[in-house]
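Note sheet for the following structure.
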Amino acid sequence: MLNHKGLLKRFSPCHEAFDWYDGKDSEEAWQECKRGDWMLWVAAKLNVDHRLIVLAACDCAEMTLHHVPKDETRPAEAIATARKWCDGKASIEEAQKAADAAGAAATAYAAYAAYAADAAASAAAGCGMAAATAADAADAYAAANTANTASADKAREESLARSAEIVRQRISWSIVEEAIAKFSQQGANDVE
């Protein structure tokens, strides 16, 4: 998803992502990627506006809120607080506190939705991996709720594709392209 495969390699992606990228140009990779978690990870590595990353993570986490028990509000509150942080209406401490509460809900219910909300709110505290985790956790929930392995794999694949579309809605190719240019200007493009 970068101009040079060498630069992507410098980011140390998983082998699956690196192999998938082979032979694609950056725009093609961004437009065709079916893994929202990979896209958020790349966006964080490229220093895309952190608020866009957090909002995309929140959108991904919200995909699974319907699986949280109706009386459990901590995951939704964590997402709302992360969104408030993006609007400058909540402090980073408030976002982290909400993330911690969502994490407690995840422990109590073993719910991927709560875990995704925790990760989305934690992303506001500066962890790019947390944003990617929100997309991945949302995707994992679809698979976890399917008994049949083949069905679980298909559900996870479909959910990953939905999260990729969500990420593209928040972080367009032009935003990524601009981030690549800025990253390159900082001397990072001297790899291969």
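Quick notes
- Annotation note: Cβ proximity below 6 Å between a residue of the stretch 63-83 that is farther than 22 Å from L160 by Cα and free of Cβ contacts under 8 Å to residues at least 24 places away in the same chain and a residue that is crowded, with 22+ Cβ neighbours inside 10 Å and not charged (D, E, K, R) (sequence gap 6+ or interchain) occurs for no pair.
- Scanning the stretch 68-93 for residues that are closer than 18 Å to L52 by Cβ and not hydrophobic (A, V, I, L, M, F, W, C) returns T81, R83, K84, D87, G88, K89.
- Beta carbons closer than 9 Å, at least 6 apart along the sequence or on distinct chains, pair a first residue in the stretch 41-57 that is outside any helix (DSSP H, G or I) with a second that is of a type in the set (D, E) for V48/E178.
- Failed item, numbered, when A61 is tested on (1) at pLDDT 85 or above; (2) of a type in the set (A, V, I, L, M); (3) in contact with a helix residue (DSSP H, G or I) (Cβ under 6 Å, 6 or more places away or on another chain): (1)
- Test: S163 is among the polar types (S, T, N, Q), modelled with pLDDT of 80 or more and within 12 Å of the chain's Cα centre (by Cα): yes
- Test: residue in the stretch 86-98 that is in contact (Cβ under 8 Å) with a residue 40 or more places away in the chain, among the aliphatic types (A, V, I, L, M) and part of a helix (DSSP H, G or I): no
- Put simply, of E77, E32 the only residue that is under 29 Å from A155 (Cα atoms), surrounded by fewer than 14 Cβ atoms within 10 Å (Cβ to Cβ) and modelled with pLDDT of 80 or more is E32.
The values are calculated or read from the model by the stated rules, or taken from the named source; none is laboratory data. Note that this is a predicted model, so its numbers are computed, not measured. Neighbour counts are summed over all protein chains in view; Cβ atoms, including those assigned to glycine, are modelled from backbone coordinates with ideal geometry.
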